[in-house]
Amino acid sequence: MTKLLATVIFSALLLVTGSVSAAKQKQPDILWIITDDQRPDSISAFNQAVSGTKLSPLGYVQSPHVDKLAAEGTLFSQAYCNSPACAPSRGSMHTGRYPFRSGIYGFERAHPNVDTNTQTIPQVMRGAGYHTAQFGKHGYRIFRWGPGNTWDVVDQYDFRVDKKNDLTAKGRSDFHVEEIWQKDRDRGRVEVYYYPDGTTTEFYINRQDAELTDEDIKARKNADKKHDVLRAYTRGQNMLIIGGESTQPADKTQDGEITNAFVDYLKKNADDPKPLFANLGYHFPHTPVLPPKSFREAFMEKEVEIPYRIPEFDLAEVEKLPPQMKKFFDYLNFSEMTEDEKRQAIRDYYAFCAHGDAQIGRSIEAFKEFCKKRDRDWIIVFVCGDHSWHLGEQGIEAKFTPWGLSTRNAIVAASSIKGMFPKGAHSEQLVEYVDLAPTFFEAAGVDVGSDNFSHLDGASLMRTVRGTARREYILGEINAIAGPRAYMRTKDFAFSMRTRPENGKPGPAYAPGENIDWALTCPRDKAELALYDLRVDPDERNNVANDPEYKALADWFRKKLGDIVLGDRRLEVDWTKENEYYLSDFAVGADDKKLRIPKKLIPKQG
């Protein structure tokens, strides 16, 4: 084990190219937008670019504001998250490191007191001279732990619409679930609906030490009927709301309030001499899926003209899955819902995305006006989903999996700086969420090529546009629902494998670094391999890892991926302690971004 202590040195120089007026030879204002659980085919511009039609493969979508942004800049249609769950995905964005290099694999609460700590995006941007502001969902689980905390961002403006700051409890939303721990109330979970007149409806959906009362059940049924609520009753989390109608008009929903706060902030801070780096973290289309009435009714009308298609699925697909991936299906099952329920879930999901697009449009226009008043150039980066979302593919409605419907997303980047992101361009190069940190750092003038940033796993999107950053595969790892699993995706193949025998996290489940090469040395069946030939099976419905003609190729991927995620500087941290971790080094350099699959291992098509 070796120890790495990274410190960050900032440069005040702006390294951008293009024709920029003398008045604007200064750092640009930057807006970074992230949505939650949004799949890329909810964006018409994405569909048009990849398939020649504005429709999703499942039906009608609407995204005029993101479409406009794509026309002003570059659409990256092969963007992949590095972990298909909120916290680890956002952790990879904010650190610029893969989960297996940051030690953030799932929903464990990380802290900065390990020697391997590096600074997050807001900290680096503040060091580069920016004022930073955060609106809405953070998502990454980094908290203060002991002395010397370096992950706090001093003086960052922070507006959250969540329970923590009591904003939803004050009606700044349409719905939230409250965890009850007060001594004078039964412990459990309470759903709360907020209405425009200031009234609320609330009821228990779970009582920890008692059965639900008849009043609880009646109140929930009445609310479900009133708001046309559809719950994921076939999933392990069977109370999740996956369809229904919001109680509030669009600008008073949770995401509407985030937008309101951002627009108000821009109006009040136009005279700030510092450049602005703002992060908008929208909650849509995360559950509860409750689009406002105006959007929902418009999509219901459109559905008459363009009926939604339910994705194809057969239980035979599950039979060829390893146990770990069968658990995804068992826990996240969508296949047993009725045809009408499936169509409602699909329609309400896309309607919710359309509502979110309108909020994004409001924010973008306000931001551009803000930059114009300040005579500053601007950069806008829209990340379509911190991960993606299944709407029946693989028989589930969820995330968390290594399949493409959990991991593939889209990024739209635009700028007033000529040539930075060519207008109307479509890039099919593989990009990853670890590319976001170096993108923002380079835009701010930070020298990301210096040794101080050697820990970054990605390359800036500007380098991708310039053709100086290319990779032949994407990487990721997840440790949620079914335990630790890593994935690799190429143009032609999608592969995943179990990385640890235990289902827990380092520390609580096993000592960091213990038996680190297990997935490479254990019996083949214990590694639980999954391989899809995307040349003939783009929807990933037939796992061929154990088929005779593919076994050697699957074993090659096991070695390639295993060396990278286990031996090339894998970081495992016991986050319950101050500074206990393991950093692997038995295959340093394995992550060379090249495949070099022996031709003899690749079966012929057809």
Item checked: Residue satisfying condition, being out of contact with any Asp or Glu (no Cβ under 6 Å at 6 or more places or on another chain), touching a residue at least 40 places away in the same chain (Cβ under 8 Å) and not basic (Lys, Arg), within set Asp41, Asp29 -> Asp29
Check: Can you find a residue in the range 578-586 that is of a type in the set (Asp, Glu), at pLDDT below 95 and over 19 Å from Pro323 (Cβ atoms)?
Finding: yes
Margin query: When you check Ala110 against the structure, is it under 13 Å from the mean Cα position of the chain (by Cα), closer than 30 Å to Ala480 by Cα, open to solvent by less than 20 Å² (accessible area, probe 1.4 Å) and touching a residue at least 12 places away in the same chain (Cβ under 8 Å), yes or no?
Written below: no
Margin query: The conditions are (1) assigned to a helix (DSSP H, G or I); (2) in contact with a strand residue (DSSP E or B) (Cβ under 9 Å, 6 or more places away or on another chain), and Glu301 fails exactly one of them. Which is it?
Written below: (2)
Checklist line | Filter result for the condition that a residue is under 23 Å from Gly395 (Cβ atoms) and among the small types (Gly, Ala, Ser), over Ala554, Ala527, Ala590 | finding: Ala554
Notebook entry, point to check: How many residues are in a strand (DSSP E or B) and farther than 19 Å from Ile481 by Cβ if we restrict to the range 504-544?
Noted result: 3
Check: Does Arg489 satisfy the condition of being under 26 Å from Ser102 (Cα atoms), under 27 Å from the mean Cα position of the chain (by Cα) and open to solvent by less than 10 Å² (accessible area, probe 1.4 Å)?
Finding: no
Check: Quick one: what pairs do we get from the range 360-386, first residue closer than 30 Å to Ala85 by Cβ, second basic (Lys, Arg), C-beta under 6 Å, 6+ apart or different chains?
Finding: Asp386/Arg90
Notebook entry, point to check: Within the range 158-209, restricting attention to residues that are open to solvent by 90 Å² or more (accessible area, probe 1.4 Å) and modelled with pLDDT under 85, which residue is farthest from the chain's Cα centre (by Cα)?
Noted result: Asp184
Next item on the list: Tell me which residues, restricted to the range 123-134, are open to solvent by 10 Å² or more (accessible area, probe 1.4 Å) and under 15 Å from His94 (Cβ atoms).
Entry: Gln123, Arg126, Gly127
Margin query: For the range 203-220, give me each residue that is over 15 Å from Asn238 (Cα atoms), hydrophobic (A, V, I, L, M, F, W, C) and in contact with a strand residue (DSSP E or B) (Cβ under 7 Å, 6 or more places away or on another chain).
Written below: Phe203, Leu212, Ala219
Checklist line | From Gly445, Gly392, Gly467, residue being open to solvent by 20 Å² or more (accessible area, probe 1.4 Å) and either out of contact with any helix residue (DSSP H, G or I) (no Cβ under 9 Å at 6 or more places or on another chain) or more than 20 Å from Met93 (Cβ to Cβ) (or both) | finding: Gly467
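Let's see how each residue does on (1) open to solvent by 50 Å² or more (accessible area, probe 1.4 Å); (2) more than 23 Å from Arg343 (Cβ to Cβ):
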{"site": "Phe277", "(1), (2)": "no, yes"}
{"site": "Pro288", "(1), (2)": "no, no"}
{"site": "Lys293", "(1), (2)": "yes, no"}
{"site": "Glu305", "(1), (2)": "yes, no"}
Checklist line | Only one of Val263, Val289 that is touching a residue at least 24 places away in the same chain (Cβ under 8 Å) and farther than 20 Å from Leu391 by Cα | finding: Val263
Next item on the list: Just name the residue that is most open to solvent (accessible area, probe 1.4 Å) out of those in the range 501-530 that are closer than 20 Å to Phe328 by Cα and under 23 Å from the mean Cα position of the chain (by Cα).
Entry: Asn503
Next item on the list: Could you list, in sequence order, all residues of the range 122-136 that are more than 20 Å from the chain's Cα centre (by Cα) and assigned to a strand (DSSP E or B)?
Entry: His131, Thr132
Margin query: One residue is enough: does the range 319-336 have a residue meeting the conditions in a helix (DSSP H, G or I), over 24 Å from the mean Cα position of the chain (by Cα) and either of a type in the set (Val, Ile, Thr) or crowded, with 19+ Cβ neighbours inside 10 Å (or both)?
Written below: no
Next item on the list: Can you confirm whether the range 215-223 contains a residue that is buried (at least 18 other Cβ atoms within 10 Å of the Cβ) and assigned to a loop (DSSP other than H, G, I, E, B)?
Entry: no
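Results for (1) in contact (Cβ under 8 Å) with a residue 24 or more places away in the chain; (2) under 12 Å from Leu321 (Cα atoms); (3) surrounded by 15 or more Cβ atoms within 10 Å (Cβ to Cβ), shown as yes or no for each residue.
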position	(1), (2), (3)
Tyr532	yes, yes, yes
Asn543	yes, yes, yes
Glu549	yes, no, no
Asp555	yes, no, yes
Check: So which pairs qualify, if the first residue must be in the range 220-245 and closer than 20 Å to Tyr350 by Cα, the second must be open to solvent by 50 Å² or more (accessible area, probe 1.4 Å) and in a helix (DSSP H, G or I), the Cβ gap must be under 6 Å, and the two must be at least 6 apart or on different chains?
Finding: Glu245/Lys293
Check: Which residue, of Thr116, Thr74, is in contact (Cβ under 8 Å) with a residue 12 or more places away in the chain, farther than 23 Å from Leu405 by Cα, outside any helix (DSSP H, G or I) and open to solvent by less than 10 Å² (accessible area, probe 1.4 Å)?
Finding: Thr116
Notebook entry, point to check: Looking at Ala358, is it assigned to a helix (DSSP H, G or I), in contact with a Leu (Cβ under 9 Å, 6 or more places away or on another chain), closer than 24 Å to Ala71 by Cβ and open to solvent by 10 Å² or more (accessible area, probe 1.4 Å)?
Noted result: no
Margin query: Please verify whether Asp348 is in contact (Cβ under 8 Å) with a residue 60 or more places away in the chain, in contact with a helix residue (DSSP H, G or I) (Cβ under 9 Å, 6 or more places away or on another chain) and not in a loop (DSSP other than H, G, I, E, B), treating the condition exactly as stated.
Written below: yes
Check: Out of (1) open to solvent by 10 Å² or more (accessible area, probe 1.4 Å); (2) in contact (Cβ under 8 Å) with a residue 12 or more places away in the chain; (3) under 30 Å from Asn333 (Cα atoms), what's the single condition that is false for Glu301?
Finding: (2)
Note to self: When you scan the range 564-577, do you find a residue that is of a type outside the set (Val, Ile, Thr), assigned to a loop (DSSP other than H, G, I, E, B), surrounded by fewer than 18 Cβ atoms within 10 Å (Cβ to Cβ) and at pLDDT below 95, even just one?
What the structure shows: yes
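The values are calculated or read from the model by the stated rules, or taken from the named source; none is laboratory data. What you see is a predicted model, and the numbers here were worked out from it, not measured in a lab. FYI the Cβ positions are ideal-geometry reconstructions off the backbone, even for glycines, and counts take in every protein chain you see. The accessibility values were calculated without ligands, DNA or RNA, using every heavy atom of the protein model including side chains. Shrake-Rupley method; radii C 1.70, N 1.55, O 1.52, S 1.80 Å.
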